[in-house]
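Read the structure below first, then the notes.
The values are calculated or read from the model by the stated rules, or taken from the named source; none is laboratory data. This is a predicted model, so every value here is computed, not measured. Every residue, glycine among them, receives a Cβ derived from its backbone with ideal geometry; neighbour counts consider all protein chains shown.
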Amino acid sequence: MQSHGDVKQKLKDCQRALKDFDKTDVSRPNNAFTLQSCGDVKRILKDYQGALEDLDKANVFEPNNVITLQKCGDVKRKLQDYQGALDDLDKVNILEPNNAFTLQSRGDVKKILKDYQGTLEDFDKADVLEPNNVITLQSRGDVKRKLKDYQRNLEDLDKADVLEPNNALTLRCRGDVKRMLEDCQEALEDLDKADILEPNNAHFTKAWRCQTNVGGLSRSLG
């Protein structure tokens with residue numbers, strides 16, 4: 001049943017996968033791998049409390065499993081237990097240093113906790129280990145924006161745009177940074193592109209556009 005559940009999870013049939021994993025847990029209780037699988041499916045189904053219970057049990061039967069700890073950190077983050085998430089990701093980093101995914105995840109948690117310097121250190125390491133990752137560049141750029149380092153923020157977003165053109169999030173963020181740098185014409189160009197790519201999210205740029213003037217030619221939002 002474990003194998004059946006694995007296949008169904010890969011097919012994104014999570015409800016049926018969970019039924020198979022539950023049957024496996026009955027016939028083979030206290031198996032760390034099965035508990036990890038149950039926890040992961042519940043995480044996908046957004047049953048975060050149930051996921052955490054299974055992952056905690058898995059960690060008891062197989063302590064220091066990197067995958068279990070990573071998933072625990074992700075679930076705790078979604079439950080807004082940011083310190084608990086950070087503790088789990090710190091353990092992962094000790095067990096498996098230089099893991100770009102762990103560093104990215106830990107950097108995200110540190111950003112929420114407003115440890116911006118620690119966030120930058122993790123994102124910088126992740127960028128060295130896995131260069132040209134658009135998500136890392138976007139995230140690192142956001143931290144630099146919070147630190148009002150707009151020029152270096154722009155550099156990260158320019159790299160992200162080269163690697164993945166027509167990414168609405170990159171364009172929206174870059175437009176905002178250009179606005180902060182008073183490069184208003186280019187700011188509006190990025191915001192316009194973002195709104196074409198994601199018209200349903202145009203409300204995100206509305207406030208920024210209202211504050212952006214180009215030689216008195218402020219654009220109407222309609």
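Residue-wise test of (1) surrounded by 23 or more Cβ atoms within 10 Å (Cβ to Cβ); (2) at pLDDT below 95.
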position: Phe21; (1), (2): yes, yes
position: Asp25; (1), (2): no, yes
position: Asn31; (1), (2): no, yes
position: Asp47; (1), (2): no, no
position: Leu55; (1), (2): yes, no
position: Pro63; (1), (2): no, yes
position: Val66; (1), (2): no, no
position: Leu69; (1), (2): yes, no
position: Cys72; (1), (2): yes, no
For this session: Note down all Cβ pairs under 9 Å where the first residue falls in region 126-145 and is closer than 19 Å to Asn99 by Cα, the second is part of a helix (DSSP H, G or I) and aromatic (Phe, Trp, Tyr), and they're at least six residues apart or on different chains.
Result: Ala126/Phe101; Glu130/Phe101; Thr136/Phe123; Leu137/Phe123; Ser139/Phe123; Arg140/Phe123
Exercise. Regarding Leu86, is this residue touching a residue at least 24 places away in the same chain (Cβ under 8 Å), on the phi < 0 side of the Ramachandran plot, in a helix (DSSP H, G or I) and of a type in the set (A, V, I, L, M)?
Worked result: yes
Seminar exercise, completed: Result of the Cβ filter at 8 Å on region 64-76, keeping first residues that are on the phi > 0 side of the Ramachandran plot and partners that are not basic (Lys, Arg), at least 6 apart or interchain, is Asn64/Leu95
